[in-house]
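The values are calculated or read from the model by the stated rules, or taken from the named source; none is laboratory data. Remember, predicted model here, so these are calculated numbers, not experimental data. Quick reminder, even Gly has a Cβ in these numbers, built from the backbone with ideal geometry, and neighbours come from all protein chains shown.
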Amino acid sequence: MKELDSRAWRAFHRISSRLLPHLGRQVTAHSGISSAEYVVLVALYEAPFPSINVNKLAVSLGWEISRMSHQISRMQEHGLVFKEQNERDARCFDVWITDKGKQIAESAIPLQSLEINHCFSNVLTPEQMKSLIEISDAISSHMKEHHPTTKKEQ
């Protein structure tokens, strides 16, 4: 059983250490933004409301609040997002995607989808994808139950 554990872990690690960096390089190559900027822009672009509380955005992406705050500040400097203090709570900030950020997201999403299809969806059978979803759900549920990252998860 120990051999199977090791092989499974190494297989998972190969995916995360090869696929995710590759996708990050691709988004930079075709859109000129980092993978972190891409993730934030897509979240803001697809959000149901025009603005999002920075802390809530961090939680939804599984990021530390300090990392999100620094990322948003850098993105604001590049004109991709705009942030301002929340009107109801001066301790919090809300963030919006700018027109420039929307244009980049609109051009990056289809290109990134093609790359994801090429390196992920087109490589797996429907049965393998279903298994991967089950695996991800099992690990995510365990992490949420036994190793929560926020007080809301506890």
(message) Being in contact with a Phe, Trp or Tyr (Cβ under 7 Å, 6 or more places away or on another chain) and closer than 26 Å to His22 by Cα narrows it down to one residue among Gln76, Gln71, Gln103, Gln85; which is it?
(response) Gln76
(message) Among the residues of region 124-131, are any over 19 Å from the mean Cα position of the chain (by Cα) and among the β-branched types (Val, Ile, Thr)?
(response) yes
(request) Kindly indicate whether any position in region 59-68 is surrounded by 12 or more Cβ atoms within 10 Å (Cβ to Cβ), more than 23 Å from Pro148 (Cβ to Cβ) and either among the β-branched types (Val, Ile, Thr) or in contact (Cβ under 8 Å) with a residue 40 or more places away in the chain (or both). (result) no
(request) Return the pairs, sorted by first residue and then second, in which the second residue is at pLDDT 95 or above and of a type outside the set (Lys, Arg), the first residue lies in region 86-114 and is on the phi > 0 side of the Ramachandran plot and surrounded by 13 or more Cβ atoms within 10 Å (Cβ to Cβ), the beta carbons are less than 8 Å apart, and the residues are 6+ apart or on different chains. (result) none
(request) Test each condition in (1) charged (D, E, K, R); (2) within 21 Å of Phe12 (Cβ to Cβ); (3) assigned to a strand (DSSP E or B) for Glu134 and report the one that comes out false. (result) (3)
(request) Taking Val123 as meeting all but one of (1) out of contact with any strand residue (DSSP E or B) (no Cβ under 9 Å at 6 or more places or on another chain); (2) not in a loop (DSSP other than H, G, I, E, B), write down the number of the exception. (result) (2)
(message) Whether any residue in region 39-54 is touching a Lys or Arg at 6+ places or on another chain (Cβ under 7 Å), in contact (Cβ under 8 Å) with a residue 12 or more places away in the chain and surrounded by 12 or more Cβ atoms within 10 Å (Cβ to Cβ) is what I want to check.
(response) yes
